[in-house]
Amino acid sequence: MTTTRATRPLGAVLPMLATMMTVAPADAQSSPPQELPPVVVEQPSRPSSRARPARKRQAAATSATRRTVQRASTTSDAAAANGRSTRAETATGPVHGYLANQSGTGTKTDTPLRETPQSITVVTADRVADQAASTVQETLRYVPGVFADAYGPDSRGDYPRIRGQDPNIYLDGTRVVNTFQFNEWRPDPYTLERIEVLRGPSSVLYGDTSTAGLLNLISKRPQAESSNEIGVQYGSFNRKQMQVDSTGKLTKDGEWLYRFVGVFRDSNSQTDYVPDDRIVLAPSLTWRPTNNTSWTVLVTYQKDKTGSSTAFLPHEGTLYPGPNGFIPLQRFTSDPSWDRYQTETAAVSSLFEHRFNDALTIRQSMRYAHVEGIYHGMYPDVYSNPQDPFLDPARRTVARYIWARDTVKDSFTSDSNAELKFVSGPVQHKALFGVDYRGLGERASSGSGYDATPFDLYAPVYTGVTPPTMAAEPDLRQSQLGLYAQDQMRLGRWLAVVGIRHDYVTNNIQGSPTENLQATTGRAGLMYELPFGLTPYVTYAQSFNPIFGSGVCASGVCAPQRGEMVELGFKYNLMPGTAINGAIFDTIERNRLATDPDNPLLSVQTGKVRIRGAELEVITRVTPELDLIGAYSYLDARVESGDNAGKHVETVPEHQASLWAKYRLTLLGLPGVTVGGGVRYIGQSWDGTDTIRTPDYTLFDAMIRYENGPWRFQVNATNLADKRHVTTCLARGDCFYGMGRTVLSSLTYRF
């Protein structure tokens, strides 16, 4: 196959660069580097010499290629059946099994995970399917350092905590969710190829990230190899879902590829009167005019219709029984005639990449999203008097607060960068220079008030609600522009990553003076590859996190959060198919968000938090039949200054541990049967004032699957013992129930 080495746009520039540089290998492995050949720049002599896939080749070459592809496809299918892939893994492509080796989240370049000096976990699509996760936060239950269900099953969004703080959520490398906001786009796990968890500050590449780090969701993209599946699900809470995923070539030569992903769900939820309905339509198209050029356009339409699954229940009746016992797990504290949580999203994304030669690659991604949201709900007033929120001597009734907010949000994100590989003396370089931008415009109207009728938490009567008066909020405009540079260097077995970034942030609330902010952040990491597969590292990183969106802080616009981290860790690849990763870290964050005592839906900023901890992760294929995922984390999270200085940070379990295993019964004469199971331990946590302790708990999950040709039947159960548990209790007065036992069956046909 002919490869285009350069195209006309760089004309005379690349020949000059070729005399100054030599090419670095695509991604140096753990072996010592070899001498590198010089850059070769080949200009096409005529248009027909362009590397157009197959279209202008001779018939014999086309036939030979077709036979090669057919053989490769057969080999790939066999490999997939054995949990292997014959194709080289990329940072955004599919992974067969649980263990990913490449990622772009930690460096914005296609880099082996063992060469990235920061803690990263890649949750693959196979892992999501095996564990039957229905939300992004559920996919993180077996990831170290992550409290996946910190506030229980929340219909409003994904709210995991990473290393005791709230992460930022990205999609394909640019921001998709404004943290602490409601009615945000909530991507469905079925539309994702991977979910990548980068732990620790990442502002040098992404700008607005907290000290927790970020989730980078990688969309399913068109593939050249044809693959189609259609599935149906039925499970607890009368959940009915159909999903479809189809990809392949639109043209025989592979210049045009397509993919379509769809999800259609009609379901109830654990909370009474709360639906969980969803429609997702996600077509995408890839154009490959040359072997070195790729342009993918992804379109998404999503509509979620649900309600207030989070009941904000008092301590009494949840954490401990009162004179009336425990409040039922499914209790709905709003009113069916009023309650509504609806989010409708339309988005289009563009992902472009062009490789000029082995030395220079440019990438550009952008996305526009329009999100309309309706949030009407009610919740108990447990905040006015957290110790005794009840209105009657029998301790049954509470007052309720009425809440309404309708929003229209328009956001635009873009990231453009150039990757340049060269050598200077004995040092190999992979340099990255980029600029990214994020703009948000929001229009909203809101209203609130109190319901005059006391509400019985143990025997509720729903009598309707008088809606509050809605008033328009000031329009909001916010933007962020960042300039960044990074250099990944190798000298023998030494690896180093250094980066620097400068951000410009503008906050503009209608009727208020425009606020302009600037910040410079950096990161430096050093690794050394030992000859037996162990790579220790040390990293220092900073975070800068401007809080986007209105309706977050009681004071109007939130001040940016600032933080820093030192991390000492290792990555150990004992053998193929095994990765053992560990880290200890020390993190400080300032201007942290805490709940406003006068309004639990708003935040105040106070003080400084210090979080120290350790993590260990093992992902391995023990035998061809047995896969294991193990994780452990320890966190010591304290408030160092401000309110509640010296106390534990709220909602941070001190210890967490998990183990997931999947075993194929091939050796027992049942080659189509696979069983799996997991155990999750979540340690005790505190309420933010060290007054109320949420006890620890242990949950069990299970899976069984039968495959026969193109058919796959699977049953999953989470919280198998149906253990009643509370995930979090806060000093402000409320507690959050965890998910009870859920059973989900699925039938999938692949063709």
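The values are calculated or read from the model by the stated rules, or taken from the named source; none is laboratory data. Not measured: the values here are computed from a predicted model. No Cβ is skipped: glycine too gets one built from the backbone with ideal geometry, and neighbour counts run over all protein chains shown.
Looking only at the stretch 117-136, how many residues end up being surrounded by 24 or more Cβ atoms within 10 Å (Cβ to Cβ) and out of contact with any Leu (no Cβ under 9 Å at 6 or more places or on another chain)?
1
Would you pick out the residues in the stretch 695-712 that are farther than 22 Å from Y749 by Cα and not in a strand (DSSP E or B)?
P695, D696 - these are the residues of the stretch 695-712 that are farther than 22 Å from Y749 by Cα and not in a strand (DSSP E or B).
From the residues in the stretch 335-380 that are among the β-branched types (V, I, T) and under 19 Å from E184 (Cβ atoms), which one is surrounded by the most Cβ atoms within 10 Å (Cβ to Cβ)?
Only one residue tops the list, namely T343.
So, in the stretch 184-216, of the ones that are modelled with pLDDT of 95 or more and β-branched (V, I, T), which residue ends up farthest from Q233 (Cα to Cα)?
Filtering the stretch 184-216 for residues that are modelled with pLDDT of 95 or more and β-branched (V, I, T), the one farthest from Q233 (Cα to Cα) comes out as V204.
Over 26 Å from the mean Cα position of the chain (by Cα) and surrounded by 21 or more Cβ atoms within 10 Å (Cβ to Cβ) - does that describe any residue in the stretch 654-663?
Applying the first criterion (over 26 Å from the mean Cα position of the chain (by Cα)) to the stretch 654-663 yields 663.
Keeping just the survivors that are surrounded by 21 or more Cβ atoms within 10 Å (Cβ to Cβ) gives none.
No; the residues of the stretch 654-663 include none that is over 26 Å from the mean Cα position of the chain (by Cα) and surrounded by 21 or more Cβ atoms within 10 Å (Cβ to Cβ).
Would a scan of the stretch 667-679 turn up a residue that is in contact (Cβ under 8 Å) with a residue 24 or more places away in the chain and either part of a loop (DSSP other than H, G, I, E, B) or under 29 Å from V382 (Cα atoms) (or both)? Quick ask: steps written out before the conclusion?
Initially, the stretch 667-679 is screened for residues in contact (Cβ under 8 Å) with a residue 24 or more places away in the chain, giving 667, 672-678.
Okay, now just the ones that are also either part of a loop (DSSP other than H, G, I, E, B) or under 29 Å from V382 (Cα atoms) (or both), so 672.
Yes, the stretch 667-679 contains at least one residue that is in contact (Cβ under 8 Å) with a residue 24 or more places away in the chain and either part of a loop (DSSP other than H, G, I, E, B) or under 29 Å from V382 (Cα atoms) (or both).
Considering only the stretch 410-430, I want to know if a residue exists there that is in a strand (DSSP E or B) and closer than 30 Å to S448 by Cα.
Of the residues in the stretch 410-430, the ones in a strand (DSSP E or B) are 410-424, 427-430.
Restricting the remaining residues to those that are closer than 30 Å to S448 by Cα gives 410-411.
Yes; the residues of the stretch 410-430 include at least one that is in a strand (DSSP E or B) and closer than 30 Å to S448 by Cα.
Would you check if there is a residue in the stretch 514-522 being among the charged types (D, E, K, R) and surrounded by fewer than 18 Cβ atoms within 10 Å (Cβ to Cβ)? If you could, list the steps in order and put the result at the bottom.
From the stretch 514-522, those among the charged types (D, E, K, R) are 515; that's our starting set.
Adding the requirement that they be surrounded by fewer than 18 Cβ atoms within 10 Å (Cβ to Cβ) leaves 515.
The answer is yes, given that some residue of the stretch 514-522 is among the charged types (D, E, K, R) and surrounded by fewer than 18 Cβ atoms within 10 Å (Cβ to Cβ).
For the stretch 217-232, does any single residue satisfy the condition of being of a type in the set (A, V, I, L, M, F, W, C), modelled with pLDDT of 95 or more, in the same structural domain as E184 (by TED's automatic domain parsing) and more than 27 Å from V122 (Cβ to Cβ)? Full working, then the answer.
To start, the set of residues in the stretch 217-232 that are of a type in the set (A, V, I, L, M, F, W, C) comprises 217-218, 224, 230, 232.
When the remaining residues are screened for being modelled with pLDDT of 95 or more, the result is 217-218, 224, 230, 232.
Now restrict to residues that are in the same structural domain as E184 (by TED's automatic domain parsing): 217-218, 224, 230, 232.
Filter once more, so that each one left must be more than 27 Å from V122 (Cβ to Cβ): 232.
Yes: the stretch 217-232 contains one or more residues that are of a type in the set (A, V, I, L, M, F, W, C), modelled with pLDDT of 95 or more, in the same structural domain as E184 (by TED's automatic domain parsing) and more than 27 Å from V122 (Cβ to Cβ).
Please pick out the residue among T727, T689 that is part of a strand (DSSP E or B), touching a residue at least 12 places away in the same chain (Cβ under 8 Å), within 30 Å of V398 (Cβ to Cβ) and not hydrophobic (A, V, I, L, M, F, W, C).
Sole residue among the options that is part of a strand (DSSP E or B), touching a residue at least 12 places away in the same chain (Cβ under 8 Å), within 30 Å of V398 (Cβ to Cβ) and not hydrophobic (A, V, I, L, M, F, W, C): T727.
Considering each residue of the stretch 151-198, count those that are over 26 Å from F260 (Cβ atoms), surrounded by fewer than 24 Cβ atoms within 10 Å (Cβ to Cβ) and of a type in the set (G, A, S), and give that number.
2
Restricting to the stretch 221-242, give me the number of residues that are part of a strand (DSSP E or B) and among the basic types (K, R).
Of the stretch 221-242, the ones part of a strand (DSSP E or B) are 227-235, 239-242.
Of the ones still in play, those that are also among the basic types (K, R) are 239-240.
Count: 2.
Taking only the stretch 486-533 into account, find how many residues are under 19 Å from A583 (Cβ atoms) and at pLDDT below 90.
Count: 0.
Give just the number: which of (1) in contact with a strand residue (DSSP E or B) (Cβ under 6 Å, 6 or more places away or on another chain); (2) outside any strand (DSSP E or B); (3) acidic (D, E) does D392 not satisfy?
(1)
Spot the failing condition for I629; the list is (1) among the β-branched types (V, I, T); (2) surrounded by fewer than 22 Cβ atoms within 10 Å (Cβ to Cβ); (3) part of a strand (DSSP E or B), and only one is missed.
Evaluating I629 over (1) among the β-branched types (V, I, T); (2) surrounded by fewer than 22 Cβ atoms within 10 Å (Cβ to Cβ); (3) part of a strand (DSSP E or B) leaves (2) as the failure.
Pick from the stretch 106-149 the residues that are among the small types (G, A, S) and part of a loop (DSSP other than H, G, I, E, B): which of them is nearest to the chain's Cα centre (by Cα)?
Keep residues of the stretch 106-149 that are among the small types (G, A, S), which gives 106, 119, 125, 129, 132-134, 145, 148.
Right, trim to part of a loop (DSSP other than H, G, I, E, B) and you get 106, 132-134, 145, 148.
Values: G106: 13, A132: 16, A133: 13, S134: 13, G145: 14, A148: 11 Å.
Only one residue fits best here, namely A148.
For the stretch 444-465, state whether one or more residues are modelled with pLDDT of 95 or more, within 30 Å of the chain's Cα centre (by Cα) and surrounded by fewer than 17 Cβ atoms within 10 Å (Cβ to Cβ).
Scanning the stretch 444-465 turns up at least one residue that is modelled with pLDDT of 95 or more, within 30 Å of the chain's Cα centre (by Cα) and surrounded by fewer than 17 Cβ atoms within 10 Å (Cβ to Cβ).
Applying the selection to the stretch 250-305, what residues are polar (S, T, N, Q) and more than 21 Å from the chain's Cα centre (by Cα)? Quick ask: steps written out before the conclusion?
Kept after step one, since they are polar (S, T, N, Q), are these residues of the stretch 250-305: 251, 267-271, 284, 286, 290-294, 296, 300, 302.
Those that are polar (S, T, N, Q) and more than 21 Å from the chain's Cα centre (by Cα): T251, S267, N268, S269, Q270, T271, T286, T290, N291, N292, T293, S294.
Tell me which residues, restricted to the stretch 245-275, are free of Cβ contacts under 8 Å to residues at least 40 places away in the same chain, of a type outside the set (F, W, Y) and surrounded by 16 or more Cβ atoms within 10 Å (Cβ to Cβ).
Of everything in the stretch 245-275, those that are free of Cβ contacts under 8 Å to residues at least 40 places away in the same chain, of a type outside the set (F, W, Y) and surrounded by 16 or more Cβ atoms within 10 Å (Cβ to Cβ) turn out to be S246, T247, K249, L257, R259, G262, R265, S267, N268, P275.
Of a type in the set (A, V, I, L, M), modelled with pLDDT under 95 and under 30 Å from T742 (Cβ atoms): which single residue out of A133, A88, A81, A100 fits that description? Break it down into steps so the answer makes sense when it comes.
Numbers: A133 fails: modelled with pLDDT under 95; A88 fails: under 30 Å from T742 (Cβ atoms); A100 fails: modelled with pLDDT under 95.
After applying the criteria, what remains is A81.
When both residues are 6+ apart or on different chains and their Cβ atoms are under 6 Å apart, which pairs have a first residue that lies in the stretch 546-566 and is among the acidic types (D, E), and a second that is at pLDDT 65 or above?
E564/Q542; E564/I588
Residue by residue through the stretch 633-648, note down the ones that are in contact (Cβ under 8 Å) with a residue 24 or more places away in the chain, crowded, with 17+ Cβ neighbours inside 10 Å, out of contact with any Ser or Thr (no Cβ under 8 Å at 6 or more places or on another chain) and farther than 13 Å from T587 by Cα. Steps first, please.
Filtering the stretch 633-648 for residues in contact (Cβ under 8 Å) with a residue 24 or more places away in the chain gives 633, 635-645, 647-648.
Within this subset, residues satisfying the condition of being crowded, with 17+ Cβ neighbours inside 10 Å are 633, 635, 637-639, 644, 647-648.
Okay, now just the ones that are also out of contact with any Ser or Thr (no Cβ under 8 Å at 6 or more places or on another chain), so 633, 635, 637-639.
The one that is in contact (Cβ under 8 Å) with a residue 24 or more places away in the chain, crowded, with 17+ Cβ neighbours inside 10 Å, out of contact with any Ser or Thr (no Cβ under 8 Å at 6 or more places or on another chain) and farther than 13 Å from T587 by Cα: S633.
Tally up the residues in the stretch 624-636 that are touching a helix residue (DSSP H, G or I) at 6+ places or on another chain (Cβ under 9 Å) and farther than 15 Å from G677 by Cβ, please.
Summing the residues that are touching a helix residue (DSSP H, G or I) at 6+ places or on another chain (Cβ under 9 Å) and farther than 15 Å from G677 by Cβ in the stretch 624-636 gives 1.
Under 9 Å between Cβ atoms, which residue pairs at least 6 apart in sequence (or on different chains) link something in the stretch 192-212 that is free of Cβ contacts under 8 Å to residues at least 12 places away in the same chain and in a helix (DSSP H, G or I) with a partner that is buried (at least 24 other Cβ atoms within 10 Å of the Cβ) and of a type in the set (D, E)?
From the stretch 192-212, no pairs qualify.
Of the residues S337, S350, which single one is hydroxyl-bearing (S, T, Y), assigned to a strand (DSSP E or B) and either assigned by TED's automatic domain parsing to the domain that holds T174 or without any contact (Cβ under 8 Å) to a residue 12 or more places away in the chain (or both)? Show your work before the answer.
Numbers: S337 fails: assigned to a strand (DSSP E or B).
Going through S337, S350 in turn, just one is hydroxyl-bearing (S, T, Y), assigned to a strand (DSSP E or B) and either assigned by TED's automatic domain parsing to the domain that holds T174 or without any contact (Cβ under 8 Å) to a residue 12 or more places away in the chain (or both): S350.
Inside the stretch 661-695, can you point out the residues that are farther than 30 Å from E625 by Cβ and of a type in the set (S, T, N, Q)? Walk me through it before giving the result.
Just the residues of the stretch 661-695 that are farther than 30 Å from E625 by Cβ, to begin with: 683-695.
Q684, S685, T689, T691, T694 - these are the residues of the stretch 661-695 that are farther than 30 Å from E625 by Cβ and of a type in the set (S, T, N, Q).
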